[in-house]
Amino acid sequence: MSSAFLEVRDLVKHFPVGRSRLFQAKPDMLKAVDGISFDLPQSRTLGLVGESGCGKSTTARLVLRLIEPSNGEVRLEGVDILRAPADELQRMRREMQLVFQDPLSSLNPRMSVGVNIAEPLRFHRLGDRAERSEKARELLEVVGLKQRDYDRYPHEMSGGQCQRVAIARALILRPKLVIFDEPVSALDVSIQAQILSLLLQLQRDFALTYIFISHDLSVIKRVCDTTAVMYLGKIVELASSEELYRRPLHPYTQALLQAIPLPDPKAKRAGDLGGLEGDVPSPIRPPSGCRFHTRCPHRMPVCSEREPELKELASGHQVACFLHDS
Ligand SMILES: Nc1ncnc2c1ncn2[C@@H]1O[C@H](COP(=O)(O)OP(=O)(O)OP(=O)(O)O)[C@@H](O)[C@H]1O
Ligand code: SF4
Ligand SMILES: [Mg+2]
């Protein structure tokens, strides 16, 4: 049996779409996530990266079973959360938390910071009012806020402070897995660095396992042990972050890496996605064969005919591209 803390196998989410789907025998299906698999060991971080609409947030919602998959398996410590009975799922939900890009959307503007942080305990009927308040005060310090912030309201705080509140709220149930969906994208670069340091510190202190979603590879590089690159609902490359940055094998990963802004603003930038042709195609009718073939500078005749499998080329380095088929 695999020893991974989190195992995801062949996960699929197709959304029915189309204005007249009531009258259509078969509605069009938007292939948001189309058969992805990965393992994540405990206390490690997996990064999910890719352009807007490639299926990162849908993957997060599937892993937490906030939405039902069309197919596939998600196992947390060996338990299949997609088939867990309601009481087991309730317990597992406490162990998995999600932090969003916009903390204000996950905080209740009418509740004080302290009450917001304690809210998940109330929701799960854990502890009495005094115990919940004490825990919330503890968490305030853990995330680098002050005791006096307890009675403030979210709108009185900065974006970075609100994100600390959202992190405290996610941690109060002592989760094992935390998924961060673009947690620093809305923050200034200096504040981003502080929040990323906090996340790394919390991971060490509480042995947390993270999935970290971002479209920004430089952010992913700082925090993730392993990185999965997604394109139109598929993982096209997965490797240790170090290996992925040193030796990107998929043409799409190479384009993403070229698009990272250089630290010196006067230096030449590679431009938007390394000058790739065209836009991302529709996930309703994705291109045949390799989904990336319509934009790939290395495409070959086979690329539109057959779909490349995700294959392991070196230890832990998987890529789905015919250029690397032996
Ligand atoms: N409830 C839904 N119904 C129909 N389509 C959906 C639904 N949720 C997501 N989608 C579609 O699924 C695809 C993947 O969306 P998702 O939000 O997972 O992408 P993402 O990678 O998180 O993008 P972003 O970087 O913009 O957040 C998109 O085409 C999106 O429009
Ligand atoms: S399979 Fe072909 S089209 Fe797809 S990334 Fe590789 S070379 Fe490009
Ligand atoms: Mg998203």
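Within segment 202-218, how many residues turn out to be of a type outside the set (A, V, I, L, M, F, W, C) and in a helix (DSSP H, G or I)?
Residues of segment 202-218 that are of a type outside the set (A, V, I, L, M, F, W, C), as a first pass: 203-205, 209-210, 214-216, 218.
Next cut, in a helix (DSSP H, G or I) only: 203-205, 218.
Qualifying residue count, segment 202-218: 4.
Given the structure, is ALA86 among the aliphatic types (A, V, I, L, M) and crowded, with 17+ Cβ neighbours inside 10 Å? Before the answer, list the steps.
Values: among the aliphatic types (A, V, I, L, M): yes; crowded, with 17+ Cβ neighbours inside 10 Å: no.
So ALA86 does not fit the description; no.
If I ask for residues that are touching a residue at least 60 places away in the same chain (Cβ under 8 Å) and closer than 16 Å to ILE167 by Cα, which ones from segment 74-118 would you list?
ARG94, GLU95, MET96, GLN97, LEU98, VAL99, PHE100, GLN101, ASP102, PRO103, SER106, LEU107
Name the single residue that is surrounded by the most Cβ atoms within 10 Å (Cβ to Cβ) among those in segment 119-137 being free of Cβ contacts under 8 Å to residues at least 24 places away in the same chain and charged (D, E, K, R).
Filtering first and then ranking leaves ARG132.
How many residues does segment 202-218 contain that are at pLDDT below 95 and either touching a helix residue (DSSP H, G or I) at 6+ places or on another chain (Cβ under 6 Å) or more than 14 Å from ligand 3 (Cβ to nearest atom) (or both)?
Result for segment 202-218: 3.
In this structure, is ARG269 basic (Lys, Arg) and either within 16 Å of ligand 2 (Cβ to nearest atom) or modelled with pLDDT of 90 or more (or both)?
Answer is no for this residue.
Within segment 308-322, restricting attention to residues that are surrounded by 15 or more Cβ atoms within 10 Å (Cβ to Cβ) and at pLDDT 95 or above, which residue is farthest from ligand 1 (Cβ to nearest atom)? Steps first, answer last, please.
Pass one, segment 308-322, residues surrounded by 15 or more Cβ atoms within 10 Å (Cβ to Cβ): 308, 310, 313, 317-322.
Cutting the leftovers down to at pLDDT 95 or above gives us 308, 310, 317-322.
Numbers: PRO308: 21, LEU310: 18, HIS317: 23, GLN318: 20, VAL319: 20, ALA320: 18, CYS321: 20, PHE322: 25 Å.
This residue is PHE322.
Listed here are the residues, each with its yes/no results for (1) away from ligand 3 (no atom under 13 Å from the Cβ); (2) touching a Pro at 6+ places or on another chain (Cβ under 8 Å); (3) in a loop (DSSP other than H, G, I, E, B).
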{"site": "LEU11", "(1), (2), (3)": "yes, yes, no"}
{"site": "LEU30", "(1), (2), (3)": "yes, yes, no"}
{"site": "ILE36", "(1), (2), (3)": "yes, no, no"}
{"site": "ASP39", "(1), (2), (3)": "yes, no, no"}
{"site": "GLN42", "(1), (2), (3)": "yes, no, yes"}
{"site": "SER52", "(1), (2), (3)": "no, no, yes"}
{"site": "LEU62", "(1), (2), (3)": "no, yes, no"}
{"site": "GLU73", "(1), (2), (3)": "yes, no, no"}
{"site": "LEU82", "(1), (2), (3)": "yes, yes, yes"}
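Being touching a Leu at 6+ places or on another chain (Cβ under 9 Å), of a type in the set (A, V, I, L, M) and over 20 Å from PHE123 (Cα atoms) is the filter here, so list the residues in segment 57-83 that pass it.
ALA60, LEU62, VAL63, VAL74, LEU76, ILE81, LEU82 - these are the residues of segment 57-83 that are touching a Leu at 6+ places or on another chain (Cβ under 9 Å), of a type in the set (A, V, I, L, M) and over 20 Å from PHE123 (Cα atoms).
For GLU119, all conditions in the list (1) in a loop (DSSP other than H, G, I, E, B); (2) more than 27 Å from ASP188 (Cβ to Cβ) hold save one; what is the number of the exception?
(1)
Sort out which residues of segment 291-323 are out of contact with any Gly (no Cβ under 7 Å at 6 or more places or on another chain), part of a helix (DSSP H, G or I) and near ligand 2 (Cβ under 8 Å from one of its atoms), and write them in order of number.
Selection gives VAL302, PHE322, LEU323.
Looking only at residues that are part of a helix (DSSP H, G or I) and surrounded by 12 or more Cβ atoms within 10 Å (Cβ to Cβ) in segment 272-290, which one is nearest to ligand 3 (Cβ to nearest atom)? Reasoning before the result, please.
We begin by selecting, within segment 272-290, every residue part of a helix (DSSP H, G or I); these are 272-275.
Subsequent filtering for residues that are surrounded by 12 or more Cβ atoms within 10 Å (Cβ to Cβ) retains 273-274.
Numbers: LEU273: 17, GLY274: 22 Å.
Step by step, filter segment 272-290, then rank; the result is LEU273.
Within the group LEU140, LEU187, LEU177, LEU196, which residue is under 20 Å from LEU64 (Cβ atoms), away from ligand 3 (no atom under 16 Å from the Cβ) and surrounded by 14 or more Cβ atoms within 10 Å (Cβ to Cβ)?
When all the criteria are applied, what remains is LEU177.
Exactly one of (1) closer than 18 Å to THR58 by Cα; (2) surrounded by fewer than 23 Cβ atoms within 10 Å (Cβ to Cβ); (3) away from ligand 3 (no atom under 16 Å from the Cβ) is unmet by THR227. Its number?
Among (1) closer than 18 Å to THR58 by Cα; (2) surrounded by fewer than 23 Cβ atoms within 10 Å (Cβ to Cβ); (3) away from ligand 3 (no atom under 16 Å from the Cβ), the lone unmet condition for THR227 is (2).
The values are calculated or read from the model by the stated rules, or taken from the named source; none is laboratory data. Every value quoted in this text rests on a predicted model; they were computed, and no experiment measured them. All Cβ positions, glycine included, derive from the backbone under ideal geometry; neighbour counts span all protein chains shown.
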